[in-house]
Amino acid sequence: MTDIVAQRARFADLVVLPRPYGAGQGSESEAVIEAALFEGRAPVLVLPDSGAGRAAAPKRAVVAWNQSAEAMAAVRKALPLLKQADLVNIAVIDPPQHGPERSDPGGMLCQMLVRHGVKAEVSVLARTLPRISDVLARHVRDQNADLLVMGAYGHSRFREAILGGATRNTLEQAEVPVLMAH
């Protein structure tokens, strides 16, 4: 099944799938998302149990920004949706104290988005909850967002399967559609 998904995903602009975790979902659900992301190289829109909502034309979107290549890939793939939004909030959680964005976390991404006509702002958030996914979920609710954009699987999939991670945890608790890319 994953070979078929990967083959079809190669020729798709976007793959839309249900949340891979929860009642009635088996291990094949996660494998299908991974096939679309890794072998198909397609962005994936994961829908919560409540459905697509306003994901096709979001009014407010949150971008989970950690400066990774995966996060940048997700932003680029989401650009048509982000251009339609009334506001895009770039969420930076516990930014690094060293590196190119240390004095202006999320600033370079914000400038890039603004150049593309996106109405963007940056929120720098402290990690006040045990998991980054919890901080992100609370921020999505606080922003009244109808779309979350994030990179997928910054750690190895094996590590995320055993220990959890931001991708897995976010998908487990997603209340809004999540657009991911790798």
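Every read-out reported here was derived from the displayed coordinates using simple, explicitly stated rules and does not represent laboratory data. Everything numeric here is computed off the predicted structure, so don't read it as measured data. Ideal geometry is used to build each Cβ from the backbone, glycine not excepted, and the neighbour counts take in all protein chains shown.
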Between residue 111 and residue 39, the two model label points (7 Å from Cα along the beta-carbon direction) sit apart by a distance in nm of 4.1 nm
Summing -39500 (n - 2.57) over every DSSP H run of at least 4 in the chain, dividing by its residue total and rounding to the nearest 500, the 222 nm mean residue ellipticity is -10500 deg cm²/dmol
Largest-first semi-axes in Å of the equivalent ellipsoid built from the Cα gyration tensor of the chain are 25, 18, 16
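Tell me the net charge near residue 24. Cut-off is 15 Å between Cβ atoms, residue 24 excluded, with +1 for each Lys or Arg and -1 for each Asp or Glu.
Details: positive: 19; negative: 28, 30, 49, 172.
Net of charged neighbours comes to -3.
State, as an integer percentage, the relative contact order of the range 2-181 based on alpha-carbon contacts under 8 Å between residues 6 or more apart. Walk me through the numbers on the way to the answer.
Details: 337 pairs, mean separation 50.4, N = 180.
Relative CO of the range 2-181 lands at 28 percent.
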Counting only DSSP loop positions in the range 60-156, the trypsin sites (Lys or Arg not before Pro) whose Cβ has at most 15 other Cβ atoms within 10 Å are 102, 119, 127, 131
Counting Lys and Arg as +1 and Asp and Glu as -1 over every other residue whose Cβ sits under 13 Å from the Cβ of residue 117, the net charge comes to +2
So for R0 = 30 Å, FRET eff. of residue 10-residue 57 from the Cβ-Cβ r, to 0.05, ends up at 0.70
Expected max-MSF residue from 24, 106, 117 in the GNM of the chain (alpha carbon, under 10 Å) is 24
Fewest-first ordering of 139, 98, 182 by Cβ atoms within 10 Å yields 98, 139, 182
